[in-house]
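Asks: Structure in structure tokens, see below.
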Amino acid sequence: MQKQRPVFGLLVMLAMGAHAAEAPVQTCDQIREEIMAVKGLAVTSSTELLQKISLRNDCQFTSAEVYRAAYGDKPLPPPESYRSHNNEHHDHDD
């Protein structure tokens, strides 16, 4: 029993240290400011920002805010339509 006490104490201290290392939770307004800072068309979405949004259901973020966090403040280019792809002339059909 005496040998287990130092190990138990060490585990408790590690757990306390891990808890202290957690970042403080951002307020809804702080997250909204971070969303508004996203400019242009994002090449890759910020998974960190999207994760913050998903963890805060109480903030009731709008779909526009989530879109901006994922893609930026510019609209995505329209996808190439199936019709325009089929109208192209292909030489191998001759």
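Asks: Taking θ = phi - 60°, what integer Hz values does the Karplus form 6.51 cos²θ - 1.76 cosθ + 1.60 yield along segment 52-68, in sequence order, with x for Gly and Pro?
Replies: Listing the rounded values in order: 4, 5, 5, 7, 10, 5, 5, 7, 6, 5, 7, 5, 5, 5, 5, 4, 5 Hz.
Asks: Using modelled amide H (1.01 Å from N, peptide plane; none on Pro or chain starts), what sits under 5 Å from the amide H of residue 72, excluding residues fewer than 5 places away?
Replies: Those qualifying (amide H under 5 Å, at least 5 residues apart or on another chain) are 42.
Asks: Using only protein heavy atoms and a 1.4 Å probe, report how much of residue 27 is accessible, in Å² to the nearest 10.
Replies: In the full protein context, residue 27 sits at about 70 Å².
Asks: Related question: What Rg and what Dmax come out for segment 33-81 when only alpha-carbon atoms are used, in angstroms?
Replies: Values for segment 33-81 (Cα only, Rg and Dmax): 11.4, 39 Å.
The values are calculated or read from the model by the stated rules, or taken from the named source; none is laboratory data. Because the structure is predicted, anything quoted here is derived from the model rather than measured. Remember, those area values only see protein heavy atoms, side chains included, never the ligands or the DNA or RNA. Shrake-Rupley method; radii C 1.70, N 1.55, O 1.52, S 1.80 Å.
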